[in-house]
Amino acid sequence: MRLFQSARFKLTAWYLLMIMTISLAFSAILYYRIDAELNRGLQMHSIRMLPPEQLQLYEQQFKVDENGRILEFRQQPVAGIPVQADLMVLQEVKRRVLWLLLLVNLVILWLSAGAGYFLAGKTLSPIEKMVDDQKRFIADASHELRTPLTALRSEIEVALREPKLGGKEAKELLQSNLEEVDKMQSLTNYLLAMSKYENDQVKLPVEKVNLAEAARRAMERVKHQAAAKKVTLVDELQEVETEANGAAMVELITILADNAVKYSHEAGEVVVRVFKKKKTAIIEVQDQGIGIKASDVPYIFNRFYRADSSRSKKQIEGYGLGLSIAKSIVHMHGGSIHVESEVGKGSLFRVKL
Ligand code: ADP
């Protein structure tokens, strides 16, 4: 993506600016110190070499700045006093040091450009992935919303073209409209749940929750769907308490129980279990429904993923968001969720908290 490429270059430039400022400042200080030390060394050496009677000549030999650094050679050399050649050696050494420092800085520039570009890529890649996911999510969500909206629109248009719309037809139309509105409402509910449970910024309040109680409330919520399919709901609940968010636990078990009913055969059985094993609280939801193909299992917790079997069966409504929300809730509580399933035999979802 162009945006990320340019952000990567900018970030690299900032890294470089920072490193080179430090490196150049360090080199300047180093050069200044070396220069001062060389000058001082040469000066000391010269003075040490002077016979005492010539010591006063020292002042005349060199032009010295306020720090005692030799600025220039003044008169004809006197024995023991550094001659022009010594000063030339000094200049040469300084020039070499300067070149060496320049070279070192060039190498640092070259290395840090490479490392900076690599690190900028590393820093930006999770953000890039997040933006990609977000884009895909918006596209998928709008697509899912468009389907019931299109149906709603075409039904209304057809009805409006009808010159004599009877009371019975109008009622049927409204009934059908209501179904589409229900679909949209359920999708927006899912989306709201997602923004609630998938938001790292929000910390949901945690309290002591009785999981058996949460399971009972969840089963209460799905009992109408179960009754409509003549599915028997069985509870095997131990009173297990755990630190969690109560509403999230009810939501989690509702999602699993709702799926179990949805993907059950007519007159099947769904068992919800809550128990404790060692120190782990375990929630299980088991059905004898259509099961999940092994090849689908790795993907069913992804947003908007629906196995072909559930897509093709028109009567099974859904958006492929439930399990993704369930996974978020479980991870938010530091737990894990797994599924064991066999096509045609049923599925067992197990949550460990
Ligand atoms: P939805 O049920 O709305 O499609 P979910 O995220 O809840 O979305 O589930 C994703 C997919 O996982 C479903 O489309 C279905 O194919 C599969 N699935 C989930 N639960 C079960 C189950 N109990 N039995 C069989 N398949 C299931």
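Over 27 Å between Cα atoms: which of K122/K293; K135/K352; K223/K345; K129/K279; K10/K94; K171/K229 fall into that group?
K122/K293; K135/K352; K129/K279; K10/K94, as the Cα separations exceed 27 Å there.
So which residue, out of Y305, Y117, Y319, gets the largest mean-square fluctuation from a GNM of the chain using Cα contacts under 10 Å as springs?
It is Y117.
For the peptides 225-231, 287-293, what is the packing order when you average, over each peptide's residues, the other Cβ atoms within 10 Å and list the highest mean first?
287-293, 225-231
Return the Cα extents of region 113-188 along principal axes one, two and three, sorted largest first, each rounded to a whole Å.
76, 22, 8
Using the membrane-span-like helix rule (whole DSSP H runs, Cα extent along the own axis of at least 20 Å, mean Kyte-Doolittle hydropathy at least 0.0), which helices of the chain qualify?
Taking the DSSP H segments of the chain (at least 20 Å long, mean hydropathy at least 0.0), we get 2-49, 84-161, 246-262.
Arranged from highest to lowest average of other beta-carbon atoms within 10 Å per residue, in what order do the peptides 136-143, 217-224 appear?
217-224, 136-143
Roughly how many nanometres apart are two label points built 7 Å out from the Cα toward the Cβ at E220 and K135?
4.6 nm
Mind sorting R40, R96, R273 by how few other Cβ atoms lie within 10 Å of their own Cβ, fewest first?
Exposure proxy ranking, most exposed first: R96, R40, R273.
Taken together, the values in this text are just the output of simple stated rules run on the coordinates, not laboratory data. On a predicted model such as this, the values are computed, not experimentally measured, just so you know. Glycine also receives a Cβ, built like all others from the backbone with ideal geometry; neighbour counts cover every protein chain displayed.
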